[in-house]
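Working notes for the structure below.
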Amino acid sequence: MWLWFSKLGSPKWFYELSSKWLPWLVVFMAVAMTVGLLWALLFVPEDYQQGFTNRIFYVHVPVASISLACFPLMAGAGVITLVWKMKLADMVAKSAAPIGAWFTAVALITGAIWGQPTWGTWWVWDARLTSMLLQFFLLIGVIALRSAIESPDAAAKACALLSIVGAINVPIIKYSVEWWNTLHQPATDLTMNENGANGPEIWVPLLIMIVAVYSFFVISLILATRNEILVRERRSQWVMDIVAREKV
Amino acid sequence: MKPHRRKKLTIIAFIATGLSVAVGLSLYALSNSIDLFFTPTQVAAGEVSSGQRIRIGGMVKEGSVARSEESLHVEFIATDYNNDLLVRYDGILPDLFREGQGVVAEGMVADGVFQASRVLAKHDENYMSVEVKAAMDAAERDRADAVPAGESNGS
Amino acid sequence: MFSGIVFSSVGEFLQMGTYAFHVWTVYGVFAIFLFVNLYLPRVQRRQFIREQQRRAQRDAHTGKANAGQNAVQADDSVVPGESE
């Protein structure tokens, strides 16, 4: 177990393993994304209330829910960085912050575009929207903190702490629609309601889109982490070998 | 685990727990101002002074929407099934404004009536196709027809 | 569950009821989002490799015995990919 743990912590090992898996993951994502998008756009029936704005649901919900995975991931990596000083954990944490900021921004933008026709407003300061905006600013804060501190070790520690603190916001975002009254509707219950709403014609394409967007998140994270590994390990022989071999 | 690592982990756990408790308590204390709107029951209980700019939220009571024919004036009753609140509004309603659906209105209470300056639709988390909805409505009508009017009141 | 394409023409599909602007803006944003996060890492990687290759070449040309050490020192000044 500990051997496995320290092996996992080796950037070289991660780089080589991800080289092997990345093409398969990309193929998987491409298939899921194509099926999901076509299904959502072409086959989902018009909603009895919202008309065709229900198309937005299939982008907004996966992106928003996966954006919530970012802080727990960074916090977990942060704990590993602080306690075990594993280099790879910090590389993952550093790569995850901008990706999380993208996910959060896209969730906010698509939500605003959805809210305009359905609610009648782009934005409202309710608990869900405000806590989501806070997550965006926290991620920008983590990125800024990283670039503001010169010593990489100190930057890693500071960012790890901020990530652990920022992760407190995640349950607040998730349960905001239940704890307080908000304009944002509660999470859709996909376990087949008795009133006939949210049937499989609604949730199967959503599930496919969630899987597709999740693999997209993992792929972006792997790609960014691999770059980070190359940059930080540029003085080690195995990276020099890669550089020498590659034609650009 | 080495002792210095266990110590670090404990410190982190303490900080995280302490912060969570602090954040939780302050959110609990602030919960009234974090709420986006007042319910008709809160308004009826006199939790808002008249003339204060607030938001109210509830369901649009079935059959309560009255539109003026020559202007954009509209009146409807917002309800939380305990108390009702009459809302007056001059303006364009959002696409999803429907009877039986949620609504949030911005404005102020005057003489027990809510004068809204803006009306937002709150939609629920249920998605259904037009066909499914029609089929369900038809089934509901059949059920209502099958049961004599007097008995169905109780169900 | 799978009742076929709900639009009867391409025009109808593009119109999305009356919500063409909203639906297509969202899918446009999503497309940009996918493109940027999959393509940008490739660009950064290529930049990094090119930079490192140029460095290695320069060190080879100057032909110093301790070229390796110089490379390390030069390395610290500019690191592509870390600038953002």
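The values are calculated or read from the model by the stated rules, or taken from the named source; none is laboratory data. Note that the coordinates shown come from a computational prediction; the quantities given were computed from them, not determined experimentally. Cβ sites come from the backbone with ideal geometry, for glycine too, and all protein chains shown count toward neighbours.
Identify, from the list A:GLU228, A:GLU201, the residue that is within 9 Å of chain C (Cβ to nearest Cβ) and either small (Gly, Ala, Ser) or within 17 Å of A:LEU37 (Cβ to Cβ) (or both).
Numbers: A:GLU228 fails: either small (Gly, Ala, Ser) or within 17 Å of A:LEU37 (Cβ to Cβ) (or both).
Every option except A:GLU201 fails the conditions.
Does the range C:14-52 hold any residues that are within 9 Å of chain A (Cβ to nearest Cβ), hydrophobic (A, V, I, L, M, F, W, C) and touching a helix residue (DSSP H, G or I) at 6+ places or on another chain (Cβ under 7 Å), and which are they?
Listed by number, the residues that qualify are C:MET16, C:ALA20, C:VAL23, C:VAL26, C:VAL29, C:PHE30, C:PHE33, C:LEU34, C:LEU38, C:PHE48, C:ILE49.
List pairs: first in the range B:69-95 and closer than 12 Å to B:ALA116 by Cβ and away from chain A (no Cβ under 14 Å), second polar (S, T, N, Q) and part of a loop (DSSP other than H, G, I, E, B), Cβ under 7 Å, 6+ apart or cross-chain?
These pairs meet every condition: B:PHE76/B:SER64; B:ASP90/B:SER71.
Which condition from (1) at the interface with chain A (Cβ under 7 Å from one of its Cβ atoms); (2) out of contact with any Leu (no Cβ under 9 Å at 6 or more places or on another chain); (3) farther than 19 Å from A:ARG226 by Cα; (4) at pLDDT 85 or above is the one that C:ARG55 breaks?
Among (1) at the interface with chain A (Cβ under 7 Å from one of its Cβ atoms); (2) out of contact with any Leu (no Cβ under 9 Å at 6 or more places or on another chain); (3) farther than 19 Å from A:ARG226 by Cα; (4) at pLDDT 85 or above, C:ARG55 violates only (1).
Return the residues of the range B:14-29 that are loosely packed, with under 14 Cβ neighbours inside 10 Å and either under 25 Å from the mean Cα position of the chain (by Cα) or over 15 Å from A:VAL170 (Cα atoms) (or both); say none if nothing qualifies.
Within the range B:14-29, B:PHE14, B:ILE15, B:GLY18, B:ALA22, B:GLY24, B:LEU25, B:SER26, B:TYR28, B:ALA29 qualify.
Only one of B:ASP142, B:ASP111, B:ASP90 is over 21 Å from B:LEU36 (Cβ atoms), modelled with pLDDT of 90 or more and loosely packed, with under 14 Cβ neighbours inside 10 Å; which?
Numbers: B:ASP142 fails: modelled with pLDDT of 90 or more; B:ASP111 fails: modelled with pLDDT of 90 or more.
Just one listed residue meets the conditions, B:ASP90.
Looking at (1) over 16 Å from A:SER65 (Cβ atoms); (2) touching a residue at least 24 places away in the same chain (Cβ under 8 Å); (3) more than 9 Å from chain B (Cβ to nearest Cβ), can you tell me which one A:LEU183 breaks?
Against the list (1) over 16 Å from A:SER65 (Cβ atoms); (2) touching a residue at least 24 places away in the same chain (Cβ under 8 Å); (3) more than 9 Å from chain B (Cβ to nearest Cβ), A:LEU183 comes up short only on (3).
Does B:VAL48 meet the test of being of a type in the set (A, V, I, L, M, F, W, C), modelled with pLDDT of 90 or more, assigned by TED's automatic domain parsing to the domain that holds B:VAL109 and crowded, with 16+ Cβ neighbours inside 10 Å? So that I can check it myself, show each step before the final result.
Working: of a type in the set (A, V, I, L, M, F, W, C): yes; modelled with pLDDT of 90 or more: no; assigned by TED's automatic domain parsing to the domain that holds B:VAL109: yes; crowded, with 16+ Cβ neighbours inside 10 Å: yes.
In short, no.
Take B:LEU25 and tell me if it is outside any strand (DSSP E or B), without any contact (Cβ under 8 Å) to a residue 40 or more places away in the chain, among the hydrophobic types (A, V, I, L, M, F, W, C) and more than 9 Å from chain A (Cβ to nearest Cβ).
Details: outside any strand (DSSP E or B): yes; without any contact (Cβ under 8 Å) to a residue 40 or more places away in the chain: yes; among the hydrophobic types (A, V, I, L, M, F, W, C): yes; more than 9 Å from chain A (Cβ to nearest Cβ): yes.
Here the answer is yes, as B:LEU25 does meet what is asked.
Name the single residue, out of those in the range A:231-248 being more than 8 Å from every other protein chain (Cβ to nearest Cβ) and either of a type in the set (D, E, K, R) or touching a Gly at 6+ places or on another chain (Cβ under 6 Å) (or both), that is surrounded by the most Cβ atoms within 10 Å (Cβ to Cβ).
A:ARG232
Quick check on the range A:47-65. Is at least one of its residues surrounded by fewer than 19 Cβ atoms within 10 Å (Cβ to Cβ) and away from chain B (no Cβ under 12 Å)?
Within the range A:47-65, the subset surrounded by fewer than 19 Cβ atoms within 10 Å (Cβ to Cβ) is A:65.
In the following step, the residues that additionally are away from chain B (no Cβ under 12 Å) were identified as A:65.
Yes, the conditions are met somewhere in the range A:47-65.
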